[in-house]
Amino acid sequence: MGEGETLKQHLAKEHRISPFQTYLKEIVYGGTDGIVTTFAVVAGFTGAQSGNVPGYSVLTVLLFGFANLFADAASMGLGNFLSLRAEKDVYKKEEAKELHEIQTNAQMEKEETIDILQNKGFSENNARQLTEIYATNESYWLSFMMSHELEMPNPTGENPFYTAIATFFSFLSFGFIPLIPYLLQRTSPLVFMYSCIATGSALVLLGILRWRITRETVARSVFEILLLGGTAASIAYLVGTLFRL
């Protein structure tokens, strides 16, 4: 087997990115927000209710919980779509300006490139040599300047539709979990406790999913998401108690 074939196999194996890795930000962001905001409805109503009309309270939680679930999921998905579209538009506008500068004032751009490379630890001589090499490849030079001069990540490879879908379904899937006890144990006086357990389990599941993808320490992945969700849920419950019926 030739070296070229071995390199191809290495790249295919070591640099393969799964769909979960590609949309990790949307999954974690949408899932966390789905869990927290849906449970906030549950906690808020529980904190506010007197406990004299548990049947009415459960129906209210389900009504507002599902309304919040679908409305916020759609809102977040659409917001993610529009945000990425706007980010792409800004990037293209700045890219066109930078390309114009490269084509009309190349010497100034070379001096800027040399300065950037020197700030990154290259000697002046090496920085000038690298700059001359970059100048022979306009597209790479442009990409370098966008990344290191303007410090703008390139969003052109991201699909706004897929990111919106990932956010929507992550929000919907994880946000549904705190409502499950209210569907299965509607008459139980412990339904809120079951919802707390379900919410905690959902946050742990999301933390483990994050750990499996990022390979950070599992304790950090789970703890950060639990801390965020627990804090938001506690605030919602305390606010609800201020309006206790």
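When a/c is below 1.5 the answer is rounded, else prolate if a/b is larger than b/c, else oblate, so apply that to the range 21-160 with a ≥ b ≥ c taken from the square roots of the Cα gyration tensor eigenvalues. Let's see the in-between values first.
On the way: a/c = 5.18, a/b = 3.50, b/c = 1.48.
Verdict is prolate for the range 21-160.
With charges only on Cβ, +1 for K and R and -1 for D and E, what is the dipole size of the range 55-164 about its Cα centre, in debye, rounded to 20? Please report the intermediate quantities before stating the final value.
Values: 8 positive and 17 negative charges, 100 e Å.
Roughly 480 debye, rounded to the nearest 20.
Is the shape of the range 136-187 rounded, prolate or oblate, going by the alpha carbon gyration tensor and its root eigenvalues a ≥ b ≥ c, with a/c under 1.5 for rounded and a/b larger than b/c for prolate? Numbers along the way, then the final one.
Details: a/c = 9.20, a/b = 4.47, b/c = 2.06.
Since a/c reaches 1.5 and a/b is larger than b/c, the shape of the range 136-187 is classed as prolate.
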Calc'd 3J(HN,Hα), the range 170-187, phi into Karplus 6.51 cos²θ - 1.76 cosθ + 1.60 (θ = phi - 60°), Hz, glycine/Pro = x, comes to 5, 4, 5, 5, 6, x, 6, 4, x, 8, 4, x, 6, 8, 9, 10, 5, 9
Put in order of increasing Cβ neighbours within 10 Å, starting from the fewest, VAL28, VAL61 give VAL28, VAL61
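Which of THR231, THR167 has the fewest other C-beta atoms within 10 Å, and how do the rest follow up to the most?
Values: THR231 11, THR167 27.
Ascending number of Cβ neighbours within 10 Å: THR231, THR167.
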Restricting to Cα pairs under 8 Å and 6 or more apart, the percent relative contact order of the range 55-164 works out to 40
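Would you calculate the convex hull of the Cα atoms in the range 188-245 and tell me its volume per residue in Å³?
Working: hull volume 3.9 nm³, N = 58.
So the per-residue hull volume is 67 Å³.
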Taking every other residue with Cβ under 15 Å from the Cβ of GLY121 and scoring Lys and Arg +1, Asp and Glu -1, one gets 0
In nanometres, the difference between 0.36 nm per residue of separation and the alpha-carbon distance of ALA219 and MET108 is 35.0 nm
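Computed from the coordinates by the stated procedures, all read-outs in this text should not be read as laboratory data. Because the structure is predicted, anything quoted here is derived from the model rather than measured. Because the Cβ atoms are built from the backbone with ideal geometry, glycine has one as well, and the counts that use them run over all protein chains shown.
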